[in-house]
Amino acid sequence: MTRKFLELAVTPNVLAVQAAMGHESRLRPLDTPLEPDRLTESEIAFLESRDSFYLATVSETGWPYVQHRGGAPGFLKVLDEHTLAFADYRGNRQYLSVGNLQTDDRACLIAVDYPQRARLKLMLHVEVLGLDADPALTERVTVPGYKAKLERIFRLRVEAYDWNCPQHITPRFTEREIADAVLPLRQRLESLEAENAALRARLVGS
């Protein structure tokens, strides 16, 4: 866990609970806030290969809301070591995340690699942009061939991140991952079937 993530996540109430549970944290709020975390090559490669993530926001009434976002691997773009972006396509037209961000631009993003049992959490600020606000960015995040209607762009400024331990992550695999894993077996089976067919034909002809 980065020091910046701890600065944002560890509040006086969190410290009180830690103390009550017998965990005396040595971390205390700093007089001067730390600079935002910088994504390294590890975080960038991880995020750019995701095909889904979860985005949490909070409404003006104080209720949290978590939304799943999915797409082709790489639909979440890393613009630089501080900035992410993705295209927002028309869905059920509830606009809950968009509405929440009008009051508070802070959000939390969780991305998971289930086969590798890896999870990355990011605290960030979200800017909702119209399609004409930054044409170059709109072009960069647009998914070619995706049939849904593009409505807006989400630009995310990373404040802090944290890698979780894999202890409670259950491995899960997509259809594509399963197909890739069994491809050598299928190829071997096809080879054996062809070999058997050739042997049967030879026996019939003898």
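The values are calculated or read from the model by the stated rules, or taken from the named source; none is laboratory data. Small disclaimer: the values here were computed from a predicted structure and weren't measured. Neighbour counts are summed over all protein chains in view; Cβ atoms, including those assigned to glycine, are modelled from backbone coordinates with ideal geometry.
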Response to the item:
Screening Leu150, Leu101, Leu156, Leu137 for residues that are of a type in the set (A, V, I, L, M, F, W, C), buried (at least 16 other Cβ atoms within 10 Å of the Cβ) and touching a Lys or Arg at 6+ places or on another chain (Cβ under 9 Å) leaves only Leu137
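Residues checked against (1) more than 26 Å from Glu7 (Cβ to Cβ); (2) among the basic types (Lys, Arg):
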{"site": "Ala118", "(1), (2)": "no, no"}
{"site": "Thr138", "(1), (2)": "yes, no"}
{"site": "Ala148", "(1), (2)": "yes, no"}
{"site": "Asn164", "(1), (2)": "no, no"}
{"site": "Arg172", "(1), (2)": "yes, yes"}
{"site": "Glu175", "(1), (2)": "yes, no"}
{"site": "Val182", "(1), (2)": "yes, no"}
{"site": "Gln187", "(1), (2)": "yes, no"}
Worksheet item: Of all residues in region 47-73, which are free of Cβ contacts under 8 Å to residues at least 12 places away in the same chain and closer than 19 Å to Met123 by Cα?
Response: Gly62, Trp63, Pro64
Worksheet entry | Boolean, Glu193 is modelled with pLDDT of 90 or more and either in a strand (DSSP E or B) or in contact with a His (Cβ under 8 Å, 6 or more places away or on another chain) (or both) | no
Worksheet item: Just one of Glu127, Glu175, Glu139, Glu81 is farther than 24 Å from Leu39 by Cα and of a type in the set (D, E, K, R); which is it?
Response: Glu175
Worksheet item: Would region 173-182 turn up any residue that is part of a helix (DSSP H, G or I), surrounded by 10 or more Cβ atoms within 10 Å (Cβ to Cβ) and over 31 Å from the mean Cα position of the chain (by Cα)?
Response: no
Worksheet item: Can you tell me which residue in region 53-86 is surrounded by the most Cβ atoms within 10 Å (Cβ to Cβ), limited to those that are more than 14 Å from the chain's Cα centre (by Cα) and small (Gly, Ala, Ser)?
Response: Ser59
Worksheet, complete the sentence: Of the residues in region 144-170, those that are within 24 Å of Ala118 (Cβ to Cβ) and either assigned to a helix (DSSP H, G or I) or among the β-branched types (Val, Ile, Thr) (or both) come to Val158, Ile169, Thr170
Worksheet item: If Val112 satisfies every condition in (1) assigned to a strand (DSSP E or B); (2) farther than 25 Å from Glu35 by Cβ; (3) touching an Asp or Glu at 6+ places or on another chain (Cβ under 7 Å) but one, which is the exception?
Response: (3)
Discussion item. I need every pair where a residue in region 74-99 that is on the phi > 0 side of the Ramachandran plot has its Cβ under 9 Å from the Cβ of a residue that is in a helix (DSSP H, G or I), sequence separation at least 6 or different chains.
Written reply: Gly74/Glu48
